[in-house]
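The structure appears below as structure tokens.
None of the figures in this text is laboratory data; all of them are computed from the coordinates on show. Because the structure is predicted, anything quoted here is derived from the model rather than measured. A quick note on method: Cβ atoms are made from the backbone with ideal geometry, for glycine too, and the neighbour counts reach across all protein chains shown.
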Amino acid sequence: MYIGIFVFAATGALKARTHQMDIFGGTVIAFATAYGGGTIRDLLIGIRPVNWVNDYIALALVAGAVVIVAFFKTNKARFRRTIFFTDAVGLGMFTAAGIERSLLHGLNDGYAVLMGVITSTFGGLVADILCGEVPDLLKRSELYATASAIGGVIYILLNGAGLDTNLSLFTCVCIVVGIRIFSKRKRVRLPEV
């Protein structure tokens, strides 16, 4: 889980760089990206305190991601490619983690999948709003929330079939990563409204 937090924080720090923010602004955007989705999920479900409160490792990971991004000024293309792949893995991991946390708090399978999608995607939505942009999640682009939803449904089906939780998690992450890579390379998009 901490790997996904670090990756999402790095993604947020990169977004802050494109808006020429200072280290404080970068940290705020990185934190929003890493923890926004989980915070919204916990608030919707009624979990108190939210998932990151009293977690010093969480703060250290966000700060570490911001420092690394601040010093990684060369070879941006390779760094962005790495972030794309690790972001896809984080998307799958956060989807499954959001579903698990939701199921533990009594949500049914359908709403658990929805909470998994919120967990994995709404951090970026919050960061985009803070940056004054139309959220990427709402634009027509490669499959992102759709990849999360498909992976989440498969995760629920595999768990319901009695498959080992770790194998279900691994399968969910692989499916989400596969859909993300396929949609990026083939420019697969949802139809416009």
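Quick rundown of the values:
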{"item": "P(r) weight above 14 Å for the range 132-173, C-alpha pairs, percent", "result": "53 percent"}
{"item": "Fewest-first sequence of 29, 57, 156 by Cβ atoms within 10 Å of each Cβ", "result": "57, 156, 29"}
{"item": "Listed residue (72, 155, 176) projecting farthest to the positive dipole end of the chain, Cβ model", "result": "72"}
{"item": "The chain, relative contact order in percent, only Cα pairs under 8 angstrom and at least six apart counted", "result": "24 percent"}
{"item": "14 Å reach of a label modelled at residue 82, 7 Å along Cα-to-Cβ, counting backbone N of the range 12-29", "result": "14"}
{"item": "Burial ranking of peptide ranges 144-155, 102-113 (average Cβ count within 10 Å, highest at the top)", "result": "144-155, 102-113"}
{"item": "R0 of 30 Å, Cβ-Cβ distance residue 165-residue 190: FRET efficiency to nearest 0.05", "result": "0.50"}
{"item": "Highest-MSF residue in the chain out of 126, 134, 89 [GNM, Cα springs under 10 Å]", "result": "134"}
{"item": "Size of the chain as Cα extents on the principal axes (Å, biggest first)", "result": "47, 42, 32"}
